[in-house]
Every structure is written in structure tokens, then in C-alpha cells.
Amino acid sequence: QVQLVESGGGLVQAGGSLRLSCAASGRIFSINAMDWYRQAPGKERELVASITSGGNTNYADSVKGRFTISRDNAKNTVYLQMNSLKPEDTAVYYCHISGLREDWRYRSREVWGQGTLVTVSS
């Protein structure tokens, strides 16, 4: 069974940096897009960044220029480098994979990580 293990969250002061990692384990044939979502207290979960299998990236306007998403296909891992962090970045960050296939004969499905808490103090 495929699972996502997230790491890298924690407490950081405004202006600091963190790097989140999310590694997929289990039987994996292919992965399409990999994403990072976040959910702040009292708010809806929002898409922060996405990266396609070909390496194309997209970012929410609120993080553009500060965050960088990347992936290592050989390790089935996606990263989120977060620089110049602001208090408003405080949220639980969730790794997400869309279009994961365990075998070429099987249909794809999405997988969610358990979430990692990022707290940015002012």
C-alpha cells in the first residue's frame, strides 16, 4: 500500500527558512503531479504549489518568489523549500500526489500525506 511520509515542519521565526520533504513508499509504477497544500486555522485547505512529471511548476500568488517546489523521481519524493517565511504561512502542510499508479494495468488514484505543522512566529 502506498503511503506518504512528510518531514521538515517545525517552528521558525519570520524571515527564516524550512524545507519540507514528502517521500512515497510502496508499490509505485508511475506518478503524475505532486503538490503541496496547506490549511491554516479556521481556513479552507489551499493549493500552495504543484509540479508536473515534466518539471513544470505553479505557485499560489501568496508564495511565489519565496517557495520552490521540486521533485526527485528516482526517490519518489517531493520537496518544498520555503524561504522568507511569514506568520501568515503558519499552517499544516499536506503532501499530495495526483495520478499515482501502482501498476500499468491499474487506474490511477490520489494519495494524501498526514500533514506536517509549520509555525512561523513574528
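The values are calculated or read from the model by the stated rules, or taken from the named source; none is laboratory data. Nothing here was measured: the structure is a model prediction, and the numbers come from that model. Counting neighbours? That spans all protein chains shown, and the Cβs are built from the backbone with ideal geometry, glycine included. In case anyone asks, the SASA skips ligands and DNA or RNA and just uses the protein heavy atoms, side chains included. Shrake-Rupley method; radii C 1.70, N 1.55, O 1.52, S 1.80 Å.
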Residues in the stretch 10-45 that are touching a strand residue (DSSP E or B) at 6+ places or on another chain (Cβ under 6 Å) and assigned to a strand (DSSP E or B): how many? 19
Let me spell it out: the conditions are (1) under 12 Å from the mean Cα position of the chain (by Cα); (2) over 23 Å from Val2 (Cα atoms); (3) β-branched (Val, Ile, Thr), and Thr77 meets all of them except one. Which number is the exception? (2)
How do the pairs read when you match residues in the stretch 1-30 that are closer than 18 Å to Ser98 by Cβ with residues anywhere that are among the basic types (Lys, Arg), using Cβ under 7 Å and keeping only pairs 6 or more apart or on different chains? Val2/Arg27; Ala23/Lys75; Phe29/Arg101; Ser30/Arg101
Selection within the stretch 31-59 - free of Cβ contacts under 8 Å to residues at least 40 places away in the same chain, among the polar types (S, T, N, Q) and farther than 21 Å from Ser84 by Cα: Thr52, Ser53, Asn56
Hey, Asn58 hits all of (1) modelled with pLDDT under 95; (2) open to solvent by 50 Å² or more (accessible area, probe 1.4 Å); (3) not aliphatic (A, V, I, L, M) but one; which does it fall short on? (1)
Looking only at the stretch 93-122, filter to residues that are surrounded by 18 or more Cβ atoms within 10 Å (Cβ to Cβ) and more than 28 Å from Phe29 (Cβ to Cβ); which one of those is nearest to the chain's Cα centre (by Cα)? Val118
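For the stretch 64-73, does any single residue satisfy the condition of being touching a residue at least 40 places away in the same chain (Cβ under 8 Å), in a strand (DSSP E or B) and among the aromatic types (Phe, Trp, Tyr)?
No, the stretch 64-73 has no match at all.
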For the stretch 29-42, check the following and say yes or no: at least one residue is among the aromatic types (Phe, Trp, Tyr) and open to solvent by 60 Å² or more (accessible area, probe 1.4 Å). yes
